[in-house]
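Some notes on the structure that comes next.
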Amino acid sequence: MTEGEFDAALDDALALANGAVPAGARHAAASGPHGAGRAPGAGDAYDGPYGAWSETPDHAHARGTAPDNPPGTGTPADTGAPSGTGSTPPVGTPSPAASRTPDPAPVAPCPWHTARAIARRAAPGPLPPETAPLGEALGRTLAAPLAALTDLPSFDTSAMDGWAVSGPGPWHLDHPGDAPGILAGHVPTAPLADGHAIAIATGARVPAGATAVLRSEHGEVREMTDGRSRLYALRPASPGQDIRPRGQECRSGDQLLASGALVTPAVLGLAAAAGYDELTTYPRPRVDVFVLGDELLRHGLPHEGRIRDALGPMLGPWLQALGAEAAAPRHLADDPDTLYEAIAGSRADVVITTGGTAGGPVDHVHPTLHRLGSEVLVDGVEVRPGHPMLLARITPHRHLVGLPGNPLAAASGLLTLAEPLLRTLSARRAPAPYRTPLWSSVHGHPRDTRLVPVSYRDDDRYGLMAEPLHFHGPAMLRGIAAADALAVIPPGGGDRGTEVELLELPWAADWSPPGATPPYGPSGGAG
Ligand SMILES: Nc1nc2c(c(=O)[nH]1)N[C@H]1C(S)=C(S)[C@@H](COP(=O)(O)OP(=O)(O)OC[C@H]3O[C@@H](n4cnc5c(N)ncnc54)[C@H](O)[C@@H]3O)O[C@H]1N2
Ligand code: MOO
């Protein structure tokens with residue numbers, strides 16, 4: 001697909017998600033529900049933003065009768081958009097309270113790249129900037145250029161321990177013997193006269209009149225018969241040597257970083273060096289995580305059909321690494337009212353639910369979104385694992401990402417939908433896309449994209465390669481726990497040497513939750 005075709009497909013997808021008739025679908029609508037009515041199957045060609053299959057997709061949710069939907073809402077006849085197969089409006093259809101525009105058409109599963117683009121565009125833009133102390137800015141994005149508040153260095157600085165010298169040697173030593181000379185943080189009192197030298201430490205301000213710094217290992221002090229000391233250079237010191245001139249790195253007012261730069265530890269250091277006590281940044285979006293599933297245990301060994309919650313411990317730090325501020329996960333009972341109240345009562349920018357996205361007897365996410373009048377923007381994605389994932393707009397500024405319960409499927413949903421949404425809210429730039437050849441062949445899904453955990457390895461012929469890992473089933477975390485990235489395997493798969501897009505896992509990023517004990521806290525630990 002060309003970029004233009006992709007954009008057109010995306011516009012159609014967004015139109016559909018927002019209740020308008022997509023240009024590409026008008027033709028399909030004219031020729032029958034959901035276009036030509038082909039059944040999906042191996043080798044099916046992609047045919048528009050949602051494909052062109054007339055039958056219910058294989059992951060479709062048994063959504064029931066949508067009891068809150070009054071007559072006349074959400075039916076295909078209301079919108080003129082392509083209809084679903086049944087007359088029951090989908091649960092993603094907003095309730096009357098929320099619908100100011102014609103009710104949206106059914107939101108069918110969309111291609112993986114389209115889903116990511118919809119998620120990236122779902123929020124109107126970044127959260128309003130805040131000015132906060134330097135220490136709170138890590139992982140945020142600069143909302144204004146970082147301009148130097150001072151020259152750097154702010155004075156002519158000695159780059160070495162040794163002597164400041166004036167003119168050619170040998171030099172009279174102004175403070176012979178063990179006198180420390182000029183130390184860092186001290187202000188030299190007198191200018192250095194021609195032919196004189198004075199001991200100086202690295203980082204100390206070079207006195208006026210100095211022409212170079214002679215390193216301690218390059219000079220020798222000799223006691224003269226008159227009782228005075230002379231400094232001899234063992235190697236010549238050229239003018240300006242080992243002096244860092246004022247303003248060498250920047251002048252006051254110079255732009256050090258553009259707006260939009262990610263505040264890394266190095267940026268914190270630069271900002272401090274340049275005189276900042278606080279920074280104006282886009283805040284981290286606040287995320288509430290609701291973990292659904294009565295079968296989940298929070299401690300101990302699995303027993304009697306119950307299993308450990310793998311997502312509660314995983315999502316908080318992962319969201320933190322994606323630039324969000326995640327509240328401690330809340331474990332909710334499999335009860336529709338509980339879920340409704342939790343989502344309705346959340347004040348977070350993004351709500352993330354885990355589990356309950358499919359059509360099982362206690363899968364309450366879709367009905368609850370319907371009850372809330374939410375606009376479902378993505379309802380299923382053509383990706384494995386994780387295809388029941390969803391994205392909804394609860395209010396214009398609050399969104400919900402529904403992650404499937406299977407843990408690797410949840411990770412897939414996190415990177416497919418939550419990551420682009422959070423990127424927009426936090427004004428983080430997209431990482432530069434990169435591709436790496438596959439170390440060994442990977443089977444593709446006939447129609448869907450696959451996300452497969454890979455680790456990097458070196459190869460004599462190809463250089464860096466992505467080795468697909470075992471244990472990548474939707475319910476397994478063993479593969480991704482050993483992975484460096486997820487390989488994006490297009491429908492049809494890839495042979496050894498095929499270059500594939502990679503989604504880096506943020507394993508090296510900022511893990512500590514806010515307020516976490518520093519590694520070298522008061523109780524010790526530094527040795
Ligand atoms: N009839 C169909 N059933 C299912 C389909 C389908 O297309 N038709 N899709 C399957 C796929 S694929 C997925 S993924 C799951 C998604 O289901 P839900 O999002 O409703 O998730 P649950 O049913 O609640 O859980 C699925 C699975 O994951 C386990 N789980 C849930 N939460 C956690 C957690 N926090 N930590 C560890 N494991 C968790 C849960 O026990 C289930 O085993 O639906 C399939 N079904
Ligand atoms: O999303 Mo399921 O396979 O895709 O676990």
Strands (runs of 3 or more DSSP E) lying entirely in the stretch 129-237 (those with 2 or more residues that are over 46 Å from the mean Cα position of the chain (by Cα) and buried (at least 16 other Cβ atoms within 10 Å of the Cβ)): 162-165, 171-173, 196-200, 212-215, 219-223, 229-233
Residue among A483, A487 that alone is under 30 Å from R140 (Cβ atoms) and assigned to a loop (DSSP other than H, G, I, E, B): A483
Pair list, Cβ < 6 Å and 6+ apart or interchain, from the stretch 470-487 residues that are within 19 Å of T436 (Cβ to Cβ) to residues that are among the polar types (S, T, N, Q): A483/S455; D484/S455
Within the stretch 392-405, considering residues that are surrounded by fewer than 23 Cβ atoms within 10 Å (Cβ to Cβ) and touching a residue at least 12 places away in the same chain (Cβ under 8 Å), the one farthest from G312 (Cα to Cα): P396
Any chance G413 is within 14 Å of ligand 1 (Cβ to nearest atom) and either in contact with a Ser or Thr (Cβ under 7 Å, 6 or more places away or on another chain) or not in a helix (DSSP H, G or I) (or both): no
Of all residues in the stretch 416-435 being closer than 30 Å to D459 by Cβ and crowded, with 21+ Cβ neighbours inside 10 Å, the one that is nearest to ligand 1 (Cβ to nearest atom): T416
Boolean, E325 is more than 16 Å from ligand 2 (Cβ to nearest atom) and of a type in the set (D, E, K, R): yes
Residues that are on the phi < 0 side of the Ramachandran plot and either under 22 Å from the mean Cα position of the chain (by Cα) or surrounded by fewer than 24 Cβ atoms within 10 Å (Cβ to Cβ) (or both), drawn from the stretch 368-381: R371, L372, L377, V378, V381
Cβ-Cβ under 6 Å pairs, at least 6 apart or on other chains, the stretch 307-318 side assigned to a helix (DSSP H, G or I), far side of a type in the set (G, A, S) and within 16 Å of ligand 2 (Cβ to nearest atom): L311/A410
Residue within the stretch 257-268 that is in a helix (DSSP H, G or I), of a type in the set (A, V, I, L, M) and either touching a residue at least 12 places away in the same chain (Cβ under 8 Å) or closer than 12 Å to A147 by Cβ (or both) present: yes
Answer residue from the stretch 416-465, given it is of a type in the set (K, R) and part of a strand (DSSP E or B) and is farthest from the chain's Cα centre (by Cα) among those: R457
Verdict on G360 being surrounded by 22 or more Cβ atoms within 10 Å (Cβ to Cβ), under 23 Å from D448 (Cβ atoms) and either within 20 Å of the chain's Cα centre (by Cα) or within 13 Å of ligand 2 (Cβ to nearest atom) (or both): no
Qualifying positions in the stretch 466-480 - part of a loop (DSSP other than H, G, I, E, B) and more than 16 Å from ligand 1 (Cβ to nearest atom): L469, H470
Output for the stretch 260-291, where each listed residue is of a type in the set (S, T, N, Q) and either closer than 30 Å to V365 by Cβ or more than 17 Å from the chain's Cα centre (by Cα) (or both): T280
Residue count, the stretch 348-393 (criterion: among the acidic types (D, E) and away from ligand 1 (no atom under 14 Å from the Cβ)): 2
Lone unmet requirement of (1) in the same structural domain as G405 (by the TED database); (2) β-branched (V, I, T); (3) in contact (Cβ under 8 Å) with a residue 12 or more places away in the chain for T338: (3)
Number of the condition not met by V454 [criteria: (1) out of contact with any Pro (no Cβ under 6 Å at 6 or more places or on another chain); (2) among the hydrophobic types (A, V, I, L, M, F, W, C); (3) away from ligand 1 (no atom under 15 Å from the Cβ); (4) modelled with pLDDT of 95 or more]: (1)
Number of positions in the stretch 377-411 that are more than 18 Å from L477 (Cβ to Cβ), within 12 Å of ligand 2 (Cβ to nearest atom) and of a type in the set (V, I, T): 1
Test: residue in the stretch 275-294 that is assigned by the TED database to the domain that holds D363 and without any contact (Cβ under 8 Å) to a residue 40 or more places away in the chain: no
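The values are calculated or read from the model by the stated rules, or taken from the named source; none is laboratory data. The model shown is predicted, which means the values in this text are computed figures rather than measured ones. Glycine gets a Cβ as well: all are built from the backbone with ideal geometry, and neighbour counts include every protein chain shown.
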